[in-house]
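See below for the structure under consideration.
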Amino acid sequence: MDYFEVLEVDKTTSQDDIKKAYRRLAAKYHPDRNKSDDAIERFQKIQESYAVISDPKQRKLYIEQEYTEVLNPRAFTESYWNRVLNT
């Protein structure tokens, strides 16, 4: 999952624009406002993406690790071994 793609921004976007994108998407997909089947899942992805991208340290680490999920060490390990074994 690409956190920048989820928030519909790119990696050079400013913190203020990231916050605006998060608020716009969170309002759009909040389960109390959006009754679609995937609203809860989408809202959770938006929150997770914002948690990583809004923190400068985590954002830098995320970019350095080629967009690997930094909140999930297992995902990092799996992606690392996939890259190593498939090269």
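Figures for the structure shown
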item: Complete set of residues in the stretch 42-68 that are within 27 Å of ASP32 (Cβ to Cβ) and either modelled with pLDDT under 60 or not in a helix (DSSP H, G or I) (or both); result: SER54, ASP55
item: Subset of the stretch 21-42 [surrounded by 13 or more Cβ atoms within 10 Å (Cβ to Cβ), within 16 Å of the chain's Cα centre (by Cα) and among the basic types (Lys, Arg)]; result: ARG24, ARG42
item: Top-ranked residue of the stretch 69-87 - restricted to ones that are among the β-branched types (Val, Ile, Thr) and exposed (fewer than 15 other Cβ atoms within 10 Å of the Cβ), ranked as modelled with the lowest pLDDT; result: THR87
item: Conditions (1) touching a Ser or Thr at 6+ places or on another chain (Cβ under 6 Å); (2) at pLDDT 95 or above; number of the one not met by TYR3; result: (2)
item: Where a residue in the stretch 2-22 is touching a residue at least 60 places away in the same chain (Cβ under 8 Å) and under 19 Å from LEU61 (Cβ atoms) and its partner, wherever it lies, is in a helix (DSSP H, G or I) and among the basic types (Lys, Arg), with Cβ under 9 Å and at least six apart; result: TYR3/LYS45; TYR3/ARG59
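The values are calculated or read from the model by the stated rules, or taken from the named source; none is laboratory data. Since the model is a prediction, treat every value here as computed from it, not as a measurement. We place every Cβ from the backbone using ideal geometry, glycine too, and count neighbours over all the protein chains shown.
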